[in-house]
Structures are given as C-alpha cells and as structure tokens.
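Taking it in order: structure first as structure tokens, then the write-up.
The values are calculated or read from the model by the stated rules, or taken from the named source; none is laboratory data. Nothing here was measured: the structure is a model prediction, and the numbers come from that model. Because the Cβ atoms are built from the backbone with ideal geometry, glycine has one as well, and the counts that use them run over all protein chains shown. What goes into the accessible areas is simple: the full protein's heavy atoms, side chains included, and nothing from ligands, DNA or RNA. Shrake-Rupley method; radii C 1.70, N 1.55, O 1.52, S 1.80 Å.
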Amino acid sequence: MASRWWRWRHGCSWRPEARSLGPGCPGRAGPSGPRAAAAAAAAADVTRAQVSYFNLVKSLTSAFPIMYSISRFHHTTPAACCCSKTRSGERYTDPFKLGWRDLKGLYEDIRKELFISTTELKEMSEYYFDGKGKAFRPIIVVLMARACNIHHNNSRDMQASQRAIALIAEMIHTASLVHDDIIDDASSRRGKHTVNKIWGEKKAVLAGDLILSAASMALARIGNTTVISILTQVIEDLVRGEFLQLGSKENENERFAHYLEKTFKKTASLIANSCKAVSVLGCPDPVVHDIAYQYGKNVGIAFQLIDDVLDFTSCSDQMGKPTSADLKLGLATGPVLFACQQFPEMNAMIMRRFSLPGDVDRARQYVLQSDGVQQTTYLAQRYSHEAVREISKLRPSPEREALIQLSEIVLTRDK
C-alpha cells in the first residue's frame, strides 16, 4: 500500500493488483472439500452484497473509474509529513503555518464584527472564538485564495475581500455549532461546556442567530452579488442537512445516499462554496471556480467521514466531546452503514434509531467487529484523492501544495 501511495502521490499511474476474496476463491490456493466450498459460497454471497452496496457509493462519488473489492479490505492510512516540497523544489512547513500568515488577528477581527453592547449576549457570541479551534475552514479558504490568484495572474497578493470570506466561513460554521448543540442537547464542545448548557437553549438560539447575522452583514459589505449568492446557499444547505439528519431511510441503498447528501450539506457545502467564493473574487475563469468548488467538496466530505470514524476510535479527551455521540443521537454514519452489510441484524436498530436499552453498546460492538471503520476510512481516501486530482490542475505554488498536503492530513487527524 505504501508503494502505491508513493506512486500515486508523485503523479505516476498505477493500478491495483487483483485481490483475492479468501480460501477456495479463484486466484488463491486454499483448502478444498465440502467445508471449504461452503465457506467460499458464504464469502461469495457476502461479497456480492457488499460490492452491490459499494457500487452505489461508486455512482455517488464518481471519483475513480477503478474500484477495489470492498470485501474485507484492510488498509493503512499513510502518515502526513510535517513538511513537503513543492513541484519547483521549494520547501515549506506545516500548511497551517502557511495559512496563518493571512489570518493573524482572525478571532480579534471576528469579535469586532460581533460588537455588541449587551454584556451577556456578547459573552455568549464570543464564547467559541477563543482561538482554540482548528480554524480548518479559514486556513483552506486563504490557501485557496492565494492558489487561485497565482494561477490567474501570478499575483502574490491577497485581497481584503478574500480574507473576509475566511472570517465569514468561520462565523457561519460556529453559528451552526451553537445551533447543532441545541438540537442535539450536547453538553461539551472543544473540551468545555456548550453555550446551551451554560446559558440555556433560548439564549443559545439567539447567540447563534446573532453570529449568523453578523456574518451576513460582513458578506453584504463585500458587495459582490455572485459571492453573496454562493454563500447564502451554504446557509440553506445547513438547514436542509439538519432536516436530513432528523430523518432516515428503510432501503439500504437510499440510506447511504441519504447519509452522503447529509454529509455534503452539513459539512462540505461550507468548505466548497467558500473556496468557490474566493476563486470568483480572484479569477474570472469558471473552470477555476469549479476546481475550487470540487476541491472543497471532496475535502469536506473526507473530513466528515473521518470525523464519523473518530466517533468510534478516539476517546472523549482527544475529541473534546463525547464519543459514540452519533449512536446516542440515533444516527447511522458510515461505519454503521458498512457494518450493517456484515451484520444485517443492525437494520432493525438503525430503523428504531438505537432507541432500545443496549442498542448503542451492541451497535458499537458490531461496528468494531466489522470492517466498517476501515471501509469508511477507505472511502474518505477516495474523496481525498479526488480533491488532490482537482487542485493539481492549478499552476504549481506553495499554497497549492499546502492544499494537497491538507487533503492528506484530513485522513490522519486524531481529533
């Protein structure tokens, strides 16, 4: 796997070798006899169901023409480097450090946008803008802005309006967190109590609304109607995504399509449309706008898929919020949906949203006994690879290479 990753990362073409399915299957020697034949038949039945299921994912992602067999694929995710080389040979360090050059004073500037005379409302609205978040979205936005500017006319300047998009993206994201925590009745976020737990649900709703209104005012000041339209789509997607999360599907294929659509609207839309917005501000070429959008979409979906994996593999201290939270909320994420292919008895639990005593613990055990975590991580890799393929269409620059590295870091984060 490591050699394949190296060849792919360095632009060489490769194709996976054929994977055998198990003892007694074509292409692999194994014990013969009735027991082996029965095992092979059972494995074939499982594989057919899984491949049929994964064909849906293939049709939804449309990212790669050649897919591995989904059956029992265990892989290792390559470690991200702390430094890399651009195509021109210029070395740079952590992409977060590169992005922070344009984000100095990010949270102070956001707090200025939230200038409020009421002390309590001010305290609530500024609560998450304490500099302890990852600032993942603003980092991507400023790196994309510079990459597009360089691609367009080799400009090394960052427009003030492009930087403003980074602030707006973080404000919209934070407002959505405040509202999500109310809906989920969450008690902790980023290692501290949520706004709704400290000030109550009614005031938390108002705090989230205020942050969203401040973001809208900052967006209006940019004065570009195309950009305004792009980012107001994000707010609509957030609402629609939350509604999707409140529902579920009986049909397994529809269930996975429902999950991916919800993932795009709740997480990836903000990143995709923010990237598109800064490309519109810096470059008139619609092709570049689509590259920026597709990069953000694919990185955003990969980010959320890994987040869903971490809900099963990380501890609460690492995540800064309780783990197994999705199961407790009745949500069937990627690891659960993949695990359900190996343990069909999970279907009933999914449909009743893990509401019976013992459902959450039992579902968690099924996931950990299955290859659901591995398959979800593998799907995240697919989206990450597609993000790299898109951004590689831009002219080489340190920022473009940092975006490539960020798409790889998304896969290896632990919180």
For the stretch 224-371, what is the accessible area per residue in Å², given a 1.4 Å probe and the full set of protein chains? 38
What is the stretch 261-415 by shape, rounded, prolate or oblate, if you read a ≥ b ≥ c off the alpha carbon gyration tensor as root eigenvalues and call it rounded for a/c under 1.5, prolate for a/b larger than b/c, and oblate otherwise? prolate
Scoring the stretch 217-298 by relative contact order with C-alpha pairs under 8 Å, at least six apart, yields a percentage of 30
Cα-centre dipole for the stretch 248-373 with unit charges at Cβ (Lys and Arg positive, Asp and Glu negative), debye to 20: 320
What GluC sites (Glu not before Pro) does the stretch 328-415 have in DSSP loop regions with at most 14 other beta carbons within 10 Å? GLU345
May I ask you to derive the relative contact order of the stretch 271-415, considering only C-alpha pairs under 8 Å and at least 6 residues apart, and to give it as an integer percent? 30
Checked the stretch 80-220 against the a/c 1.5 cut and the a/b vs b/c comparison, axes a ≥ b ≥ c from its Cα gyration tensor; verdict prolate
Tell me the net charge near TYR107. Cut-off is 9 Å between Cβ atoms, TYR107 excluded, with +1 for each Lys or Arg and -1 for each Asp or Glu. -4
Karplus couplings for the stretch 231-239 from phi (6.51 cos²θ - 1.76 cosθ + 1.60, θ = phi - 60°), rounded to Hz, Gly and Pro as x? 7, 6, 4, 4, 5, 4, 4, 4, 5
Show me, for the stretch 247-263, the HN-Hα J-couplings you get by feeding each phi into the Karplus relation (A = 6.51, B = -1.76, C = 1.60, θ = phi - 60°), rounded to Hz, glycine and proline as x. x, 7, 10, 6, 5, 5, 5, 4, 4, 6, 4, 4, 5, 5, 5, 4, 4
Could you put LYS104, LYS97, LYS393, LYS262 in order of accessible surface area, largest first, with the 1.4 Å probe and the full protein assembly present? LYS104, LYS97, LYS393, LYS262
Scalar couplings 3J(HN,Hα) for the stretch 141-147 by Karplus 6.51 cos²θ - 1.76 cosθ + 1.60 (θ = phi - 60°), nearest whole Hz, x for Gly and Pro, are 5, 6, 5, 5, 4, 5, 4
If you roll a 1.4 Å probe over the stretch 332-412 with all protein chains in place, what percent of the accessible area is carbon or sulfur? 54
Counting only protein heavy atoms with a 1.4 Å probe and every protein chain in place, the carbon and sulfur fraction of the accessible surface of the stretch 200-263 in whole percent equals 56
